[in-house]
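Peer 1: Attaching a single structure in structure tokens format; questions to follow.
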Amino acid sequence: MTSPTPAILPERGLADRLTALFWRHPRVLLAVLLTPPLLWLGVVYLGSLAALLLQSFYSIDEFSGLVKQEFTLKTYAELFRAQNLDIIIRTLLMSAAVTIGCALIAFPIAYYAARFARGKWKGIFYLGVMLPLWSSYLVKVYAWKLILAKEGIITWAAEGVGLSMILNAILAIPGIGGNSLSTSLLGTFIVFVYVWLPYMILPMQASLERVPTSMLEASADLGASRAQTFRTVILPLAMPGVIAGSIFTFSLTMGDYIIPQIVGTSARFIGLAVYQLQGTAGNIPLAAAFAVVPIVIMVIYLMIAKRKGAFDAL
Amino acid sequence: MTAAVEFSRVSRHFGPTHAPVKAVDGVDLTIAEGSFFAMLGPSGSGKTTCLRLISGFEKPTGGTIRIFGQDVGDIPPNRRNVNTVFQDYALFPHMNVRDNVGYGLMVKGVDRRTRDTRAEEMLALVKLEGYGDRKPAQLSGGQRQRVALARALVNEPKVLLLDEPLGALDLKLREAMQDELKALQSRLGITFVFVTHDQGEALSMADSLAVFNEGKIAQIGTPADVYARPRTRFVADFVGSSNVLPPEVTRAFGGPPKWASLRPEMLRVTAADGVALAGTVTGLRYLGAGSRVTVALNGTEVAALLPAGQPVPEPGATVGLAFDPAALHVMEGEG
């Protein structure tokens, strides 16, 4: 041999020195990777959350309109006034309805994408689901306002095929109906479902993708009908994805204050209430207390889901 | 005896009709009731597809399949009283072992108490008493396999299908499971059909076996029959890796000018002088229980199996070969 290769290769500078450092102390790499996001999350996110929580325990002086910085539960008590409770219940019902609506529409799409779409079709699926997210949310909501308006395409189409009767009957339903779809809670619901749908489809699809085909075959092999397989195998295994999706749709609906202003009745939702309380009314403590409500509801929701075994398949 | 499973001219082609991939191509097959039947072949030979045709996860593109005399062309998997032990076991991860085993009864509407009792019985049968509360993730590979077996057997299937049942287990466990499966089958009397690419497994476990090659059955018979009298070159080579002799070599070995097979264990290595067949040792492989010697002669290479304790020739040495003429099996089939 003319040039024998050494048993140990020479160090080639900084990159090799860093590699050696990380190899000798694996925790250093972890620290380097985690410090920036932890600072961001810890200080900016948790810090502001703590500030919010703190604000919600203050109250406002009714005469001067100034915030009294002393601990009280008075502001929380205000949430239970009829008009505020109304807002909370309305928001809760809307969020639940939107979540269920999204789940029902998303499931077949996610199932198709996870089970059958291959190659090019998978690409088309991702594109189709995410394309709506590329355009501005406001543009989409205003577009829906026009679609749902009394002179809009839905009314026009219903007249064209002679289904105006049905549309009018739906709009006559008290509570969700109204003068037109764009001024009814039903319209608000439709727009919410449309806007948040991708956030339900993607986690659902990811969780369905992880269910092996042999699991479905085993179920059929053991005598289960398609419905039984769905109930006892697919749904429980997809549950973490469904819950993840529902966290998105539920909390996004609870916090949104734009869609109900553009499409729907004058009935207020939590997001809108927070927006108005901290802006025009200057009642920061009540706004903060309102903002805590979705957090509490989400925590309760996740606790129930956990108890029901929704995360057993994780 | 009735046939548990009967294939007549069954095909399963994939892809476009002008250039189909023939996974299974015109297979005729009869599996007797109560037998332990092996489908043996290399990967892609169509054996697993055949198993899936029986369970109903694949639909034939041609021919008919009968299970206990009934045409199952129109019967979905959940109505076939046939159960499968899947290669990856396919245990439900969100259920404990007891619920996994009781699943087949649950979907048939059996009440919880009966189902739990039956599940415990089945767990006892596969020697997993007391494991009912565990989750599949807490079990070892061998234990999961037993659960999969119990889950299939709880339904009292007419036919039990096993897809590479021992493939994922290590050697010791595999041998133990071979004996257990065999004992279980003769105790229960259920027809077992199992797919394997391991010829040793097929030979040791099956009552009869089918050797698959390129979507067709190359040979069906008892293990002893297939091993001693391979019909084609493929079977001779795949089952027990025999010496496959071209016609001219067969003639040199004292046979007719046809393709023949000669098992390595039938050859004796002798001194080179005074014998008709002599050649040069080109390779030597130590196998523990013996050695495999490769000898080049007449332009071909022949392997001989030397039992342990016999003197082993040096590579490059000239040796003689001797065998009982009855061991030379002339093959009828082509390919």
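Peer 1: Over segment A:74-307, what is the relative contact order in percent, taking alpha-carbon pairs closer than 8 angstrom and at least six residues apart?
Peer 2: RCO, segment A:74-307: 28 percent.
Peer 1: Looking only at other chains, what is the average number of their beta-carbon atoms within 10 angstrom of each beta-carbon in B:103-114?
Peer 2: 3
Peer 1: To continue, here is another question. Counting partner chain Cβ atoms within 10 Å of every residue's Cβ in B:83-92, what's the average?
Peer 2: 5
Peer 1: How would you classify chain A from its alpha-carbon gyration tensor, with a ≥ b ≥ c the square roots of the eigenvalues: rounded for a/c under 1.5, else prolate if a/b is greater than b/c, otherwise oblate?
Peer 2: Because a/c hits 1.5 or more and a/b fails to exceed b/c, chain A counts as oblate.
Peer 1: Within a 10 angstrom radius of the beta carbon, how do B:Ile190, A:Ile270 rank from fewest other beta carbons to most?
Peer 2: Going from least to most buried by this count: B:Ile190, A:Ile270.
Peer 1: Sticking with this structure for a sec: If packing is taken as the average number of other Cβ atoms within 10 Å across a peptide's residues, how do A:64-77, B:283-296 rank, most packed first?
Peer 2: Peptide ranking by packing, descending: B:283-296, A:64-77.
Peer 1: Oh, and also: Tell me the Kirkwood radius of segment B:3-235: reciprocal of the mean inverse pair distance over distinct alpha-carbon atoms, in Å.
Peer 2: 18.3 Å
Peer 1: Follow-up question, since we're still on this one. Where the convex hull is taken over the Cα atoms of the protein assembly as shown, what is its projected area averaged over directions, in nm²?
Peer 2: Average projection, Cα convex hull of the protein assembly as shown: 48.0 nm².
Peer 1: Using only atoms on other chains, find how many Cβ atoms lie within 10 Å of each Cβ of peptide A:223-229 and report the average.
Peer 2: Counting other chains' Cβ atoms within 10 Å and averaging over A:223-229 gives 5.
Peer 1: Pull up all non-local amide H partners of B:Val5: gap of 5 or more, or a different chain, and H-to-H distance under 5 Å with H placed in the peptide plane.
Peer 2: Those lying under 5 Å, H to H, from B:Val5 are B:Ile31, B:Phe68.
Peer 1: If one computes P(r) from the Cα atoms of segment B:254-335, what percent of pairs lie at distances over 22 Å?
Peer 2: Of all Cα-Cα distances in segment B:254-335, 24 percent exceed 22 Å.
Peer 1: Further question on the same structure: Hey, can you grab everything whose amide H is under 5 Å from the amide H of B:Phe194? Only 5+ residues off in sequence or another chain; H modelled, so Pro and N-termini drop out.
Peer 2: For B:Phe194, whose amide H was placed from the backbone, the distant partners under 5 Å are B:Phe37, B:Ala38, B:Met39, B:Leu162.
Peer 1: To the nearest 20 Debye, how big is the dipole of the protein assembly as shown about its Cα centre, given +1 on the beta carbon of each Lys and Arg and -1 on that of each Asp and Glu?
Peer 2: The calculation lands at about 1100 debye.
Peer 1: Between B:Ala137 and A:Ser135, what FRET efficiency comes out of the Förster formula 1/(1 + (r/R0)^6) with R0 = 60 Å and r the beta carbon distance, rounded to 0.05?
Peer 2: E between A:Ser135 and B:Ala137, to the nearest 0.05, is 0.85.
Peer 1: Test of the criteria: in segment A:128-233, which chymotrypsin sites (Phe, Trp or Tyr not before Pro) are in a DSSP loop and have at most 11 other Cβ atoms within 10 angstrom of their Cβ?
Peer 2: Passing sites in segment A:128-233 do not exist.
Peer 1: Post the alpha-carbon centroid distance, segment A:111-129 to segment B:52-74, in whole angstrom.
Peer 2: Centre-to-centre distance over Cα atoms comes out at 31 Å.
Peer 1: Using a cut-off of 14 Å between beta-carbons, work out the net charge of the residues near B:Phe86 (Lys and Arg +1, Asp and Glu -1, B:Phe86 not included).
Peer 2: So the surrounding residues net to -1.
Peer 1: Only Cα pairs within less than 10 Å get springs; with that Gaussian network setup on chain A, which residue of A:Ala114, A:Ala158, A:Ala287 has the largest fluctuation?
Peer 2: Maximum among the listed residues: A:Ala158.
Peer 1: Same structure again: Run the reach check for B:Lys182 against aspartates and glutamates, Cα to Cα strictly under 12 Å, same-chain hits fewer than 8 apart removed. What comes back?
Peer 2: B:Lys182 reaches B:Glu201, B:Asp207.
Peer 1: Report the full-extension gain for the segment B:Arg285 to B:Asp273: residue separation times 0.36 nm, less the Cα-Cα distance, to one decimal in nm.
Peer 2: Using 0.36 nm per residue and subtracting the Cα-Cα distance, I get 1.9 nm.
Peer 1: Under a crude label model (7 Å from the Cα following the beta-carbon direction), how far is B:Thr64 from A:Ala169 in nanometres?
Peer 2: Spacing of the two 7 Å Cα→Cβ label points: 5.1 nm.
Peer 1: For B:Gly63, list long-range residues whose amide hydrogen, built 1.01 Å from N in the peptide plane, is under 5 Å from its own amide hydrogen.
Peer 2: B:Ser11
Peer 1: Turning to a different aspect of this structure: Which residue, A:Val191, A:Val141, A:Val296, has the most motion in a Gaussian network model of chain A that connects Cα atoms within less than 10 Å?
Peer 2: Its mean-square fluctuation being the largest, the pick is A:Val296.
Peer 1: On to the next question. Any lysines with Cα under 24 Å of the B:Lys59 Cα? List them, leaving off those in the same chain fewer than 8 positions away.
Peer 2: B:Lys22, B:Lys47, B:Lys158, B:Lys216
Since every read-out is calculated from the coordinates, none of them should be taken as a lab result. Keep in mind it's a predicted model, so treat the numbers as computed, not measured. Quick reminder, even Gly has a Cβ in these numbers, built from the backbone with ideal geometry, and neighbours come from all protein chains shown.
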